[in-house]
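Heads up: the structure comes next, in structure tokens.
The values are calculated or read from the model by the stated rules, or taken from the named source; none is laboratory data. Note that the structure is predicted; figures quoted are calculated from it, not measured. Heads up, the Cβs are rebuilt from the backbone with ideal geometry, glycines too, and the neighbour counts pull from every protein chain shown. Remember, those area values only see protein heavy atoms, side chains included, never the ligands or the DNA or RNA. Shrake-Rupley method; radii C 1.70, N 1.55, O 1.52, S 1.80 Å.
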Amino acid sequence: MVEIRQARYFVAVAEELRFGRAAQRLQMSQPPLSQAIKQLQQRLGCELLHRNQRSVALSPAAAVFLDHCRALIRNAEEAETAARQAATGRGGRLNLGAVASSFSWPLPLVLERFHEALPDVEIRTQEIDTHEAAAGLLDRSLDWAIVRQTAPVRGATAISLFADRFVAALPLHHPVADATGPLALADLAGRPWVWLHRHISPDCHDAMATMCRAAGFSPIPAHWARSVSSQIAMVECGLGVTIVPAAASASRPAVRFRPLRHATATIELTAMTRASPGAPAERLTAMATQLTTAQTPPRHD
């Protein structure tokens with residue numbers, strides 16, 4: 001394998017076409033440079049330079065090799081720069097995973113401020129289910145995640161951003177869709193329910209179940225969703241009713257969101273990173289914490 005040092009030596013000789021000038025450019029003496037090029041040719045098993053007492057010329061193989069050496073040097077320099085920038089939070093790439101509902105709030109605000117503060121950090125974003133966050137962080141396909149989970153995971157850190165209450169999501173034709181004031185959850189007993197798989201978001205699923213039991217009934221799910229956003233979309237289709245975190249209740253023309261009477265259960269919106277995150281991930285967590293503390297999500301009661 002060609003070393004970066006050998007590539008630099010070869011590029012200097014190939015561009016200067018004089019060993020003496022190349023040695024001066026590299027701030028070294030000529031004999032070790034000549035020896036290094038000789039060893040490089042032996043390693044490759046082909047002649048790179050046609051050399052006589054007056055000049056140096058490139059062989060056909062050298063012309064091809066030169067392009068690759070330049071790319072090798074450039075990639076090495078870019079890798080060095082990226083590592084330094086990432087270590088200080090001024091550059092690099094951040095792979096972000098988020099539950100669908102967070103793309104309504106708070107991600108738009110958080111990412112806008114992050115881009116303003118750190119424009120050189122490239123963000124790659126993907127939608128994930130809550131249960132996928134820990135595995136993604138630990139296998140390093142993710143650097144930061146925003147999910148509805150509070151259970152500790154070894155090797156990862158979870159920081160609560162916001163304790164959200166629940167609201168009812170009702171289709172337009174529901175008898176109490178346009179009523180005023182908080183809704184008694186028991187009024188939804190016996191209705192077709194849109195439910196969330198527990199393995200998708202255990203905390204959200206369990207909070208929903210606890211609230212229904214406290215209201216004196218156990219709903220029978222008629223439809224199953226894989227995200228809070230999908231729950232709301234199914235309600236919008238008129239398939240049934242459900243309860244969702246209030247922060248997810250973005251305006252939907254065919255859905256009515258109603259506050260719940262005597263409902264005390266909440267669900268955490270959580271930022272997760274590895275236990276030893278890089279500087280950009282730490283900065284993003286700090287911004288998300290600050291912004292969600294200072295600003296609450298829009299309400300659609």
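Worth pointing out:
- Across the alpha-carbon set of region 80-214, the Rg to Rh ratio works out to 1.08, Rh being the Kirkwood radius.
- Over the chain, equivalent-ellipsoid semi-axes from the Cα gyration tensor in Å: 63, 17, 16
- Degrees separating the helix 30-44 axis from the principal Cα axis of the chain, which is the longest one: 60 degrees
- With at most 14 other Cβ atoms within 10 Å, longest stretch of the chain clear of loop GluC sites (Glu not before Pro) (DSSP): 48-301
- For the chain, the residue among L33, Q6, I146 whose Cα projects farthest onto the positive side of the dipole built from Cβ charges is L33.
- Rounded tilt (10° steps) of 279-294 against the dominant C-alpha axis of the chain: 30 degrees
- When only Cα pairs below 8 angstrom with a gap of at least 6 residues are kept, region 118-227 shows a relative contact order of 26 percent.
- Spread over its residues, the convex hull of the C-alpha atoms of region 224-301 is 137 Å³ per residue.
- Amide H partners (placed H, <5 Å) of D143, local residues excluded: N95, L96, G97
- Value in Å of the Kirkwood radius, where region 142-197 supplies the Cα pairs that are averaged: 15.1 Å
- Accessible surface, per residue, of region 103-216 when the full set of protein chains is kept, probe 1.4 Å, Å²: 47 Å²
- Accessible carbon and sulfur surface of region 103-241 relative to its total accessible area, %, 1.4 Å: 53 percent
- For region 28-46 versus region 182-255, the inter-centroid distance based on Cα atoms is 71 Å.
- Using a cutoff of 8 angstrom between alpha carbon atoms and counting only pairs six or more residues apart, the relative contact order for the chain works out to 21 percent.
- Ordering C212, M234, A288 by the projection of their Cα atoms onto the charge dipole of the chain, which places +1 on the Cβ of Lys and Arg and -1 on the Cβ of Asp and Glu, puts A288 at the extreme positive end.
- Loop-located trypsin sites (Lys or Arg not before Pro) in region 127-212 whose Cβ has at most 15 other Cβ within 10 Å (DSSP): R140, R154, R198
- Debye-sum result for region 185-268 in log10 I(q)/I(0), which assumes one identical scatterer on each alpha carbon, at q = 0.13, 0.23 Å⁻¹: -0.36, -1.28
- Taking each residue as 0.36 nm, the span from S160 to E15 lengthens on full extension beyond its C-alpha to C-alpha distance by 46.5 nm.
- Taking the convex hull of Cα positions in region 1-125, its mean projected area over all directions (nm²): 11.0 nm²
- Loop-located trypsin sites (Lys or Arg not before Pro) in region 25-81 (DSSP state not H, G, I, E or B) with no more than 12 neighbouring Cβ atoms inside 10 Å: R54.
- Contact order relative to length of region 1-131, as percent, for alpha carbon pairs under 8 angstrom and 6 or more apart: 20 percent
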